[in-house]
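A.B. asks: The structure under discussion is supplied below as structure tokens; questions concerning it will follow.
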Amino acid sequence: MPGTRPDRFDKAVAGRGYNSAGSPDRSQTERRSIVSAHRSLTTAQLLVQCLENEGVESVFGIPGEENIRLVDAMKDSHMRFITVRDERAASFMADLYGRVTGKPGVCAATLGPGAINLLLGTAVALTSSTLLVAISAQVGLNRIHKETHQIIDVLSVFKPVTKWAEMIVSSAAVPEMVRRAFKKPKRSGQATPILVFPKTLRRSRASLASAHLSVPTSRTPCRP
């Protein structure tokens, strides 16, 4: 019919930010902005965004070489990184934070002995049914199989005192793994998950696949 657009025009504009009427397609435009944002994110920044989406406001811990990128990424967020004298204090502060607020307390440490220092407060949180999520650094994936300085099998150490322990080996898995770590407390009412973050991922760029993983944005506190 006269005045109608040919089918080939519809196909041409489809996927270019316009609908068949030639008007901007908001859904595609928003999708492109999300993908563009994720293209410029490091994995550490993506991890921080996922923590924010879970309602995390404070992280207790000690900065170090292995987790400094994660700490730096928090500067551009609404979260506070609260430094402590040693990681044991961080785990106990996260435990008390969970008891008082009803939200998961989060503590972070570097690798090796620093990670092991989180063990005591993490065990207390488990036996007290307190909501706590621990984040530990680890050596790079390129040398995790070697007998290198301060390398410890953190997962094996923490599994007896946690509900769930896993290591992030891909940036694309960050949103799903963070969601699972925070979902455990809400389901079981007793949780101390731990996420291990290898050093080689801290500077790596987040995969575009991460943009398609849904991460809840609700900030409703979970109750034990």
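The values are calculated or read from the model by the stated rules, or taken from the named source; none is laboratory data. Source: prediction; values computed, not measured. Backbone-built Cβ (ideal geometry, glycine too); neighbour counts: all protein chains shown.
A.B. asks: Give the range 52-85 a look and list any residue that's among the small types (Gly, Ala, Ser) and touching a Lys or Arg at 6+ places or on another chain (Cβ under 7 Å), or say none.
C.D. replies: Those that are among the small types (Gly, Ala, Ser) and touching a Lys or Arg at 6+ places or on another chain (Cβ under 7 Å): GLY55, SER58.
A.B. asks: Inside the range 78-167, counting only helices (runs of 4 or more DSSP H) that do not spill past its ends, which hold 2 or more residues that are over 22 Å from GLU66 (Cα atoms) and at pLDDT below 95?
C.D. replies: Passing ranges, in order: 87-101, 119-127.
A.B. asks: Give the number of residues within the range 81-102 that are under 17 Å from the mean Cα position of the chain (by Cα) and buried (at least 23 other Cβ atoms within 10 Å of the Cβ).
C.D. replies: 1
A.B. asks: Further, regarding this structure: Among the residues of the range 38-47, count how many are of a type outside the set (Val, Ile, Thr), assigned to a helix (DSSP H, G or I) and either closer than 22 Å to MET167 by Cα or without any contact (Cβ under 8 Å) to a residue 40 or more places away in the chain (or both).
C.D. replies: 5
A.B. asks: Return the residues of the range 48-77 that are within 21 Å of ALA115 (Cα to Cα) and assigned to a helix (DSSP H, G or I); say none if nothing qualifies.
C.D. replies: If the condition is that a residue be within 21 Å of ALA115 (Cα to Cα) and assigned to a helix (DSSP H, G or I), then VAL48, LEU51, ILE68, ARG69, LEU70, VAL71, ASP72, ALA73, MET74 are the ones that fit.
A.B. asks: Any idea which residue in the range 168-205 is surrounded by the most Cβ atoms within 10 Å (Cβ to Cβ), counting only those that are basic (Lys, Arg) and modelled with pLDDT of 85 or more?
C.D. replies: Filtering first and then ranking leaves ARG179.
A.B. asks: Next question, about the same structure. Name the pairs: first residue in the range 82-109 and closer than 17 Å to GLY55 by Cα, second residue of a type in the set (Phe, Trp, Tyr) and assigned to a strand (DSSP E or B), Cβ to Cβ under 6 Å, at least 6 apart or on different chains?
C.D. replies: So the pair list comes out as ILE82/PHE60; ALA94/PHE60; CYS107/PHE60.
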